[in-house]
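Note sheet for the following structure.
The values are calculated or read from the model by the stated rules, or taken from the named source; none is laboratory data. Computed from a prediction, not measured in an experiment: that's the story for all the values here. Cβ placement follows ideal geometry from the backbone for every residue including glycine, while neighbour counts extend to all protein chains displayed. The area values use the complete protein model at the heavy-atom level, side chains included, leaving out ligands, DNA and RNA. Shrake-Rupley method; radii C 1.70, N 1.55, O 1.52, S 1.80 Å.
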Amino acid sequence: MAPRLCSISAAARRWLGGSGPRAGDVAAAARFYSKDNEGSWFRSLFVHKVDPRKDAHSTLLSKKETSNLYKIQFHNVKPECLDAYNSLTEAVLPKLHLDEDYPCSLVGNWNTWYGEQDQAVHLWRFSGGYPALMDCMNKLKNNKEYLEFRKERSQMLLSRRNQLLLEFSFWNEPLPRAGPNIYELRTYKLKPGTMIEWGNNWARAIKYRQENQEAVGGFFSQIGELYIVHHLWVPLVRHMESRIMIPLKISPLQ
């Protein structure tokens, strides 16, 4: 058996190995072996056990009755190409929305008015969650018209990014509405570990923002940059604070 190593104070060594204890050494050793010190030293050898949470915030905050997955796309368009970009998307994206072979639907399409300029925002819904997303992606790989669309679109973009989202259980599902409307997309970056607290607070507060059907949708990120929350509103003028967007012609949310 390997020897066990430990350290003791100089006073204790003198008391244990010397010819006889001295009064000061005895007092020092007594302090060293006191119950409080011994307990503190013993406890330092172990890591306190913390029981992990068994439920992720995605399980606690998302809707149970549906398995919808959302994708939001941000496309930064070359300023001189914005009109051509809008015309191209209006010609191609509605076909995917209406084709029953693709388990995806357009929720909304916008151009930013205030906020980041020359930007298009698209929100998709995949009914059936991740399997529906993968099914759609695999089919698009063999869709020649869509591949040509992506190739032509790439010449118009400066950059693009996307996120996969789940919807908060206490928000209404985004539904088509009559227009014209102006939309506000607020984006928040939360501190890790605060998503459940955020959801609980908004679940109580959302009733105060329901006048004129102001609240459109609330989402949190699953893949992409994490701890991101998006709130989509049809805002009253006094509430306008963030990214203000105008629907495209093809947007179900007018």
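Results, tabulated for the structure shown:
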quantity: Output for the stretch 178-221, where each listed residue is of a type in the set (Val, Ile, Thr) and more than 15 Å from the chain's Cα centre (by Cα); calculated: ILE182, ILE206, VAL216
quantity: Candidates PRO174, PRO192, PRO180, filtered to the one that is outside any helix (DSSP H, G or I) and either β-branched (Val, Ile, Thr) or free of Cβ contacts under 8 Å to residues at least 40 places away in the same chain (or both); calculated: PRO192
quantity: Residue check for LEU133: aliphatic (A, V, I, L, M), farther than 15 Å from PRO247 by Cα and touching a strand residue (DSSP E or B) at 6+ places or on another chain (Cβ under 6 Å); calculated: yes
quantity: Residues within the stretch 142-171 that are in a loop (DSSP other than H, G, I, E, B) and over 27 Å from the mean Cα position of the chain (by Cα), tallied; calculated: 4
quantity: Within the stretch 211-221, tally of residues that are open to solvent by less than 70 Å² (accessible area, probe 1.4 Å) and either part of a strand (DSSP E or B) or at pLDDT below 70 (or both); calculated: 7
quantity: Within the stretch 222-254, tally of residues that are in contact with a helix residue (DSSP H, G or I) (Cβ under 9 Å, 6 or more places away or on another chain) and either modelled with pLDDT under 70 or open to solvent by less than 50 Å² (accessible area, probe 1.4 Å) (or both); calculated: 10
quantity: Filtered residue count, the stretch 91-141, keeping only those that are of a type in the set (Val, Ile, Thr) and open to solvent by 60 Å² or more (accessible area, probe 1.4 Å); calculated: 0
quantity: Tally, over the stretch 152-201, of residues that are basic (Lys, Arg) and open to solvent by 100 Å² or more (accessible area, probe 1.4 Å); calculated: 4
